[in-house]
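Q: Quick one: the structure is below, and I'll ask about it shortly.
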Amino acid sequence: MSALCLNTRDQALLDGKQGKAMQFAMETVVAAANIDKAKSLTDISFAHIDSCFYSGRAHLDFVFFLLEHDAQPAVPTWTNTGLVALNDFSIRDPLASKEINEARQLMEAYVRLGCKPVWTCAPYQLPGRPQLGDHIVGSESNAVSFYNSVIGARSNKYGDFFDVCSAITGRVPYTGLHRDEGRQARLLVKLDYISQAVRSSDIFYHLLGHLLGQHCSHLVPVIEGLAPTTTEDDLKAISAACCSSGSVPLFHAVGITPEAPTLDDACFNQTPEQVIEFGLHDLQQARKELGQDSSSPLKGISLGTPHFSYTEFERLTGLLGERGINPGLVFYLTTSRHVYGQAAKKGWIDQLERSGVKIITDTCTYFSPAVNGLCGKIMTNSAKWAYYAPGMLPVQVVLGSLSECVESAVAGEVLLDSWAES
């Protein structure tokens, strides 16, 4: 095996010529490169980091070490969601106050480090996002999948601490999805047995993503049969779901995603190693796995996992109108500060709050500090939320389309389309 090739700057960092923090960061990048048997490193132009999410004291110790030794990002570096909403200083759970305070300290420390405080799991909704072919660092699973698949930027799934080490050195191992050969589709997913009517529902994309995560294993999939009208919101749903039920950091969609104008392009003119055909029964089974309706009363709605987009706000306000949420329910929606500001300018925030929708930024409703006693039967339009929430909150989940969630919120009971129950 050839030794890892480092350039002059890499070696200087490794030798400690720019301080202990930069030395540690480069040692980490080199160690990862050696594990992956990389022959070289490559420059990155952008990073989206998850280390700003508090999971214990080690996260604070790490960023304080970087600050003490004058580290700073080498590339534009944006923040993922935090454990708390940084602009919300109410403590809903006194027993969690120490954790909440340290979570705020962590988020504030990354601002001092020089990161852009966007606090969103959907950074691709913001201006200035990476472009086709850019080498980047992504750490939040849905964002990694979206950046690779929908934009055509290049990132492996990077974990906490390594994401920051790469951001401050500006370097990653040249392996995996950074290389052309790592992006070749080897699994063909066909949708011929699913009607166009079902494919036109927004919940279809969440269920398809869930199935992809279950069936793709280590193979890059290419989907054949998505409608030309497929939106970024739809592709966001696939990205989030396929990285919840499995690990799919890259998928192609023929005629939709930038590296798959044709099936041959996605497969590098090779025959796929496997072919899977999904049908209506598969979608129905996926929906049952993610949550079935039960006799217990509906307690609430949770939207925005990943964070709600501008166009989703537009759809939601149109579907809800001036109707109010049933007074027996709670209705939570999470979004980024940027999209919140856009929606506020259109008057949508005021409209939704008048109806009874509670809008949260910076964080997610998985995390109990963000919500007040969310429990019981909760309806969501997100396969990701449906997959993770029951393991983190005392909830039962029902998965529905956005329109199903709205009508259920107004009625105070679960209302589903007929195809989902057949």
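The values are calculated or read from the model by the stated rules, or taken from the named source; none is laboratory data. Model, not experiment: these values are computed from the prediction. Here the Cβ is made from the backbone with ideal geometry for all residues, glycine too, and neighbour counts use every protein chain on show.
Q: Among the numbered criteria (1) under 30 Å from Pro127 (Cα atoms); (2) outside any loop (DSSP other than H, G, I, E, B), which single criterion is violated by Ala21?
A: Failed condition: (1).
Q: Select, from Gly391, Gly347, Gly318, the only residue that is under 19 Å from Asp233 (Cα atoms) and without any contact (Cβ under 8 Å) to a residue 12 or more places away in the chain.
A: Gly318
Q: Let me ask something else. I'd like to know if the stretch 127-142 contains one or more residues that are in contact with a Pro (Cβ under 7 Å, 6 or more places away or on another chain) and of a type in the set (S, T, N, Q).
A: Yes, the stretch 127-142 contains a residue that is in contact with a Pro (Cβ under 7 Å, 6 or more places away or on another chain) and of a type in the set (S, T, N, Q).
Q: Further question: Modelled with pLDDT of 95 or more and more than 18 Å from Asp202 (Cα to Cα) - does that describe any residue in the stretch 277-284?
A: Checking the stretch 277-284: at least one residue is modelled with pLDDT of 95 or more and more than 18 Å from Asp202 (Cα to Cα).
Residues are listed down the side, and each one gets a yes or a no for (1) in contact (Cβ under 8 Å) with a residue 12 or more places away in the chain; (2) in contact with a Lys or Arg (Cβ under 7 Å, 6 or more places away or on another chain); (3) under 13 Å from Ser149 (Cα atoms):
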residue: Gln196; (1), (2), (3): yes, no, no
residue: Gly213; (1), (2), (3): yes, no, no
residue: Thr230; (1), (2), (3): yes, no, no
residue: Asp234; (1), (2), (3): yes, no, yes
residue: Pro258; (1), (2), (3): yes, no, yes
residue: Glu273; (1), (2), (3): yes, yes, no
residue: Gly291; (1), (2), (3): yes, no, no
residue: Pro297; (1), (2), (3): yes, yes, no
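Q: Now for a different question. Test Gln18 against the criterion of being without any contact (Cβ under 8 Å) to a residue 12 or more places away in the chain and in contact with a Leu (Cβ under 8 Å, 6 or more places away or on another chain), and give yes or no.
A: no
Q: Please work out if Pro261 is assigned to a loop (DSSP other than H, G, I, E, B), on the phi < 0 side of the Ramachandran plot, out of contact with any strand residue (DSSP E or B) (no Cβ under 8 Å at 6 or more places or on another chain) and not polar (S, T, N, Q).
A: Answer is yes for this residue.
Q: Separate question: If only one of Val222, Val189 is among the β-branched types (Val, Ile, Thr) and touching a Cys at 6+ places or on another chain (Cβ under 7 Å), which one is it?
A: Being among the β-branched types (Val, Ile, Thr) and touching a Cys at 6+ places or on another chain (Cβ under 7 Å) holds for just one of Val222, Val189, which is Val222.
Q: So which of Ala12, Ala38 ends up being surrounded by fewer than 16 Cβ atoms within 10 Å (Cβ to Cβ) and farther than 26 Å from Ser309 by Cα?
A: Being surrounded by fewer than 16 Cβ atoms within 10 Å (Cβ to Cβ) and farther than 26 Å from Ser309 by Cα holds for just one of Ala12, Ala38, which is Ala12.
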